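Asker: I'd like to ask you about the structure that follows.
No value in this document is a laboratory result; all are computed from the given coordinates. All values reported here derive from a predicted model rather than from experimental measurement. Cβ placement follows ideal geometry from the backbone for every residue including glycine, while neighbour counts extend to all protein chains displayed.
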Amino acid sequence: MRYWLGILMAAAAAFAQAFSPDQPIAFSHKIHAGDYRIQCLYCHSGARRSPVSGIPSVQFCMGCHRQVAASKPEIVKLRQYWERKTPIRWTKVVKEPDFVFFNHYPHVKKGIRCQECHGPVETMVKVRLDHNLNMDRCVSCHRSRQVSVDCYVCHR
Amino acid sequence: MDKNRRDFLKILGIGSAAGMAGCSKSAPDALVPYVVPPEEMVRGNALWFRTTCRECPAGCGLEARVREGRVHKVEGNPEHPVNGGGVCARGQAAVQGLYNPDRLRTPLVRDKGGKLQPASWEEAEKAAQEGLARAGAVTVVSGAVRGALEDLIRTWVGPARHITYEPVAYEAIREANRRVFGIGSLPVLRFAEAKLIVLFGADVLETYISPVGYARGIAEARRKGARLVYAGPRLSLTAARADEWIPGDERQIARTYQPPAQEGFLAVAGNDPVTAQAVNLLNQRAGAINRTVRFDRESALDGATSRLEVSGAVVVVDTNPAYSAPHSLDQARFVVCLSPFQTETTEAAHVVFPIHTPLESWGDYEPWTGIHCLQQPAMTPVFDTREAGDVIIRLGNLKAPVFREYLKERWRKLHPQDFDAFWAESLMRGGWWREVPERKAAQVLRPPEPVAAPAEPGLRLITYPSLSHFDGRSANRAWLQELPDPVTQVVWDSWVEIHPEDAARHGIRTGNRVRVTTGSGSIETAAYVYRGIQPGNIAIPLGQGHTHYGRYASGVGANAFGLAQGPAAIQLLSRTRDLVAVGGSDLQHGREIARATTRPPSGGSPPPEKQEELSLYPPHSHDQYRWGMAIDLDACTACGACIVACYAENNIPVAGKERVAAGRIMSWIRLERFFGQGSRPAEPLQMDWTLMLCQQCDNAPCEAVCPVYAAYHNKEGLNGQIYNRCVGTRYCANNCPYRARRFNWFQYERPAPEDWQLNPDVTVRTKGVMEKCTFCIQRIVEAKDRARRENRRLADGDVTPACAQSCPAQAIVFGNLDDPASRVARAARQERAYRVFEELNTRPAVTYLERERRRV
């Protein structure tokens, strides 16, 4: 019974964690954050000063890609977005439930690495939801660091 | 198989999870970043823009809170000379004008069949210009718009053909000032400096000229010991607020009133010629002129008229004369209307241009000479609308740049040197205010007494601008329709107040349909039988009874603008009782919920401090903070601003008339009013009230009965309510002695674009969930974040809940009860402090300061 239960749970977990949709541009975090070691906060600068980490604007991407790798097919796509002045509709991978209010800023300020919640994104060619971001995870981390686990910290 | 309960639950969970995974959502959520991000905006952080409230002619300063490019809340500008930080219920509801689902989206042109049809801007402009040219000289009708827009209108049609139309224009007061002092202007009233304030039918705490500023001034005066007296036939909210109500005809009382020999006297008249003149002479005799009553600044209402008759070509700019002055447009041959909404006037117009609401517009307004208020757009327009100024420039073919530049050029004249810095500073400040030279008024002549209409037998009708809807312009805001009238507690309706004696004579009971007839017309509405109106008088609030003003206002109540004040008749139509009022008993039954004292204020010696009662159980421990609130019932004017502010801040749904009738109003804070007779014999009716909200009890009855711990006690003394835990047993609401909890019986939908107003920091509750006041937990968390960034503890005053922020009288104080030096802890130790239902040992965190009825 335990054996089968384990397999079932693993299968369910694998199913849940495999979420890794195709994106309109095959943006590789591995190239940017892994190979070139660009800081996460360079593009997701909102995490430093607001509740939301933010996705960089097309203008921001073009800041480098006007020159860098300008002829690669994915960058050509990017330039088309820029020239047409249309925003890129990325598919959301990490989703926060409606009744939770997470604030990036204090976590970043405390020096918690992005990977602790988002997984080894710098190794991912295509971003996938690597592990559950459930309440258990939040609470156990808060407990181990002796941070408040009052409901009102996240639920309002 | 050694299956146990846990394994069973796990399998069940996995099974249902797998099942759920099979149902894919219609589309995955998208993340859509900007192509070019707007300057200064950081997603998740709020931006504030200062602007000016244009919901009435008072011209209060506003701060609009903008998240992700959308305004979701307005608050008072604390630096503003008119309101100083507070803002009334109607000002709070300005966002519901902005996001009103019934806003006009395209220009409209009347076709050959006489129907208004959508048209392009070019077509509409062409139709308007041709029509105006055919119909002769153009007259422009606007509300009080002193500033760039008025200049622009006058460059087009000249001052003689610009009519400033305000349904409530205080002509009688201006005329009395002209006759007595030779100055035909509204006075500047300095309530804060007064010691005895006598109001003759002047509802200064409701709608009178500048109610937010006056409420603040009166609260300040009362803290210094001032006394407030009201004379008039109605126990209006202002009369109920007064220490003494002298029931009767204010015209007679004003003529015979003897002012005491006392510094700091201030008498104020309602808009009636006899009263206004008598009050002027009274103020003159008591030495109030040039002290508490001043004429240094002129009002933007000084050129306004409430009587309107126009003919020929008429352009109506954002006002609604077809509603508030029926038949005023009958002689007009061609009418062009500029309005953000469909109104009765747009229905009568030939061409309609949709314009921005004030929160989307550039503009300025000078409510009093030298108080230059600026308006800037707090967000990009919601629909394809234009600035009223730009439409006028195009219609008149004026040689002017776009309205924004026109406005800037006008401001350049105010301060030519170093203009760019001045402009930027003025935008940040919300305007520019300058000192004005003193203008002394002196009695120029003793005028003859105005002839009062002879008293006729029968009933006398009084109509008054309503607290929620003013002259009708705020009637299309759902929050204001759902805001119970403080005196009658009625929602979504109009009514006629009638004394029980008169009612008995006609066989009328509260809620019955009646017809009120005057010489100029008749209306049908519901009766409200009430001892707060003198026998021989009946009163109807203005502002309801729209026919074309969107889904919230149309068909609600009756329009009393067509009725002349004076002799009237009333007739019972039917015994149906369709008046919906919230609240229960009119009497307190000795429970001392809203307390008032007639004891004289203790001067000098500090009052004895109250002792905490002993308990068998250990007290709750608190980390650093225990949040508490103090509500000063002596300052509270029952204006309802806090209630609407709470709706705006906390995403509270509007239930609608039928559901309110079923007891399902959703407001987290409410006004409970009770009637009582004074302690002295033959004393008139008195009204006392209190604000009721979650008391955040230390021994909370709600927490103990929740089977799922959705109601819990946190380390800062708050009674948490966790929506995603709540399963909707409603035990907590049943066990709450304060009736502070609200249950979501329905999934409330908000018609687009009203959902844009939702506060992104607060959960939108779903069906089946209990909710209640959280002390604006999102603001506590935000303030803590701010303090953390600055590496400090929270200081007193860092957290201001929405209700406390909006209060014009600053009656609500919020802070940390564990810090003995905080304002709230000091208030809680006052002699006047009490807690509601203290005997239940719930130990609430909300302290009330009982109201004082100051006797001479």
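Asker: Projecting each Cα onto the charge dipole of segment B:289-397 (Lys/Arg +1, Asp/Glu -1 at the beta carbon, about the Cα centre), which of B:Ser299, B:Ala378, B:Tyr323 comes out farthest on the positive side?
Answerer: B:Ser299
Asker: Here's a follow-up. At 4 °C and a viscosity of 1.567 mPa s, what translational diffusion coefficient does Stokes-Einstein give for segment B:720-768, taking Rh as the Kirkwood radius over Cα pairs? Give it in µm²/s as a whole number.
Answerer: Details: Rh = 12.7 Å.
It comes out at roughly 102 µm²/s.
Asker: Still on this structure: Which of the lysines could a cross-linker bridge to B:Lys715, judged by Cα under 18 Å and excluding same-chain residues fewer than eight apart?
Answerer: B:Lys784
Asker: In peptide A:83-92, how many Cβ atoms from other protein chains are near each Cβ within 10 Å, on average? Intermediate values should be presented prior to the final figure.
Answerer: Working: counts 0, 1, 2, 2, 7, 5, 4, 5, 5, 5.
For this peptide, the per-residue mean of nearby foreign Cβ atoms is 4.
Asker: Would you kindly derive the ³J(HN,Hα) couplings of segment B:127-142 from the backbone phi angles with the Karplus curve 6.51 cos²θ - 1.76 cosθ + 1.60 (θ = phi - 60°), listing them in order in whole Hz, with x for Gly and Pro?
Answerer: 4, 5, 5, 5, x, 5, 4, 5, 8, x, 4, 8, 10, 10, 10, 9
Asker: Can you give me the long-range amide H partners of B:Asp364? Hydrogens built in the peptide plane at 1.01 Å from N, cutoff under 5 Å, separation of 5 or more residues or another chain.
Answerer: Amide H neighbours of B:Asp364: B:Ala148, B:Leu149, B:Gln375.
Asker: Can you find, among B:Tyr731, B:Cys697, B:Ala655, the residue farthest towards the positive end of the dipole of segment B:627-852? Put +1 on the C-beta of Lys and Arg, -1 on that of Asp and Glu.
Answerer: B:Tyr731
Asker: Apply 1/(1 + (r/R0)^6) to the Cβ-Cβ distance of A:Gln59 and B:Ala662, taking R0 = 51 Å, and write down the FRET efficiency to the nearest 0.05. Mind showing how you got there, number by number?
Answerer: On the way: r = 53 Å, r/R0 = 1.04.
According to the calculation, E is roughly 0.45.
Asker: Given the options B:Phe191, B:Ala267, B:Gly201, identify the residue whose Cα lies farthest towards the positive end of the charge dipole of segment B:171-294 (+1 on Cβ of Lys, Arg; -1 on Cβ of Asp, Glu).
Answerer: Farthest along the dipole direction, towards plus: B:Phe191.
Asker: What is segment B:733-843 by shape, rounded, prolate or oblate, if you read a ≥ b ≥ c off the alpha carbon gyration tensor as root eigenvalues and call it rounded for a/c under 1.5, prolate for a/b larger than b/c, and oblate otherwise? Don't skip to the answer; put the middle values down first.
Answerer: On the way: a/c = 2.17, a/b = 1.25, b/c = 1.74.
Because a/c hits 1.5 or more and a/b fails to exceed b/c, segment B:733-843 counts as oblate.
Asker: Under the rule of at least 5 residues apart or a separate chain, name every residue whose amide H is placed under 5 Å from the amide H of B:Gly76.
Answerer: Distant-sequence amide H within range of B:Gly76: B:Glu63, B:Val87.
Asker: Could you give the size of the charge dipole of chain B about its Cα centre, using +1 on the Cβ of each K and R and -1 on the Cβ of each D and E, expressed in debye and rounded to the nearest 20?
Answerer: Working: 105 positive and 96 negative charges, 190 e Å.
That gives chain B a dipole magnitude of about 920 debye.
Asker: A further question follows. Given the peptides B:546-552, B:696-702, arrange them by the average over their residues of other C-beta atoms within 10 Å, most packed first.
Answerer: On the way: B:546-552: 19.4, B:696-702: 22.4.
Packing order, densest peptide first, comes out as B:696-702, B:546-552.
Asker: For segment B:627-852, what class follows from the C-alpha gyration tensor (a ≥ b ≥ c being the square roots of its eigenvalues): rounded when a/c is under 1.5, otherwise prolate if a/b is larger than b/c, else oblate?
Answerer: rounded
Asker: Excluding residues fewer than 8 places away in the same chain, name every one of the aspartates and glutamates whose C-alpha is closer than 19 Å to that of B:Lys413.
Answerer: Straight-distance partners of B:Lys413: B:Glu150, B:Asp151, B:Asp364, B:Glu366, B:Glu405, B:Glu425, B:Glu435.
Asker: If you don't mind, another one. Can you give the net charge of the other residues whose Cβ lies under 11 Å from the Cβ of B:Arg577, counting K and R as +1 and D and E as -1?
Answerer: Numbers: positive: B:Arg509, B:Arg513, B:Arg575; negative: B:Asp578.
Every neighbour counted, the sum reads +2.
Asker: Under a 5 Å amide H to amide H cut-off, with H placed in plane at 1.01 Å, what residues pair with B:Ile246 once short-range neighbours are removed?
Answerer: Long-range HN contacts for B:Ile246: B:Tyr230, B:Ala231, B:Gly232.
Asker: If you don't mind, another one. Determine the dipole magnitude for segment B:171-294: charges of +1 sit on the beta-carbon of Lys and Arg, -1 on that of Asp and Glu, nothing else is charged, the reference point is the Cα centre, and the result goes in debye to the nearest 20.
Answerer: Numbers: 17 positive and 12 negative charges, 77 e Å.
The calculation lands at about 380 debye.
Asker: Spin-label point model (7 Å from Cα, Cβ direction): what's the B:Arg410 to B:Lys115 distance in nm?
Answerer: 3.9 nm
Asker: Which order do peptides B:645-657, B:251-263 fall in by mean Cβ count within 10 Å, highest first?
Answerer: Details: B:645-657: 23.4, B:251-263: 15.1.
Highest mean packing first, the order is B:645-657, B:251-263.
Asker: Which entries in the list A:Lys110/B:Lys772; A:Lys92/B:Lys767; B:Lys195/B:Lys440; B:Lys195/B:Lys772 go over 30 Å, if you measure between the two C-alpha atoms of each?
Answerer: Numbers: A:Lys110/B:Lys772 33 Å; A:Lys92/B:Lys767 27 Å; B:Lys195/B:Lys440 22 Å; B:Lys195/B:Lys772 40 Å.
Listed pairs above 30 Å: A:Lys110/B:Lys772; B:Lys195/B:Lys772.
Asker: OK, next. Cross-link partners among aspartates and glutamates for B:Lys657, C-alpha distance below 17 Å, same-chain residues fewer than 8 apart left out?
Answerer: List returned: B:Glu482, B:Asp485, B:Asp493, B:Asp578, B:Glu749.
Asker: Other chains near A:146-153: what is the mean number of their Cβ atoms within 10 Å of each residue's Cβ?
Answerer: Values: counts 0, 0, 4, 0, 7, 10, 13, 4.
If you average over the peptide's residues, the count of other-chain Cβ atoms is 5.
Asker: How high is the FRET efficiency from B:Arg285 to B:Ala137, r the C-beta distance, R0 41 Å, rounded to 0.05? Before the final figure, lay out each step's value.
Answerer: Working: r = 48 Å, r/R0 = 1.16.
The value I calculate is 0.30.
Asker: Something else about it: What does the C-alpha gyration tensor say about the overall shape of segment B:459-574? Classify as rounded when a/c is under 1.5, otherwise prolate if a/b is larger than b/c, or oblate. Let's see the in-between values first.
Answerer: Numbers: a/c = 1.85, a/b = 1.53, b/c = 1.21.
In terms of gyration-tensor shape, prolate.
Asker: In addition: Compute the angle between helix A:73-84 and the longest alpha-carbon principal axis of chain A, please, reported from 0 to 90 degrees and rounded to the nearest 10.
Answerer: That helix lies at roughly 80 degrees to the long axis.
Asker: Quick one: go through segment B:417-449 and flag any residue whose amide nitrogen is under 11 Å from the point 7 Å out along the Cα-to-Cβ line of B:Ala261.
Answerer: Output list for this probe position: empty.
Asker: Per residue of segment B:286-303, what does 6.51 cos²θ - 1.76 cosθ + 1.60 with θ = phi - 60° give for ³J(HN,Hα)? Whole Hz please, x for Gly and Pro, Karplus curve as stated.
Answerer: Working through the residues one at a time gives 8, x, 7, 5, 6, 10, 8, 10, 10, 10, 5, 10, 8, 9, 5, 7, 4, x Hz.
Asker: In addition: Treat every Asp and Glu Cβ in segment B:627-852 as -1 and every Lys and Arg Cβ as +1, leave all other atoms uncharged, and give the resulting dipole magnitude about the Cα centre to the nearest 20 debye. Can you show the working numbers first?
Answerer: Details: 30 positive and 27 negative charges, 106 e Å.
The dipole of segment B:627-852 has a size of about 520 debye.
Asker: I'd like the Karplus ³J(HN,Hα) series for segment B:489-504: coefficients 6.51, -1.76, 1.60, θ = phi - 60°, whole numbers in Hz, and an x wherever there's a Gly or Pro.
Answerer: Each residue of segment B:489-504 in turn: 6, 7, 10, 6, 6, 10, 7, 10, 7, 9, 6, x, 5, 5, 5, 5 Hz.
Asker: What ranking do B:110-123, B:281-294 get when scored by the average of other Cβ atoms within 10 Å per residue, highest first?
Answerer: B:281-294, B:110-123
Asker: Right, another one. Provide a whole-number value for the mean count of partner chain Cβ atoms within 10 Å of the Cβ atoms in peptide B:788-796.
Answerer: Mean number of neighbouring Cβ atoms from other chains: 1.
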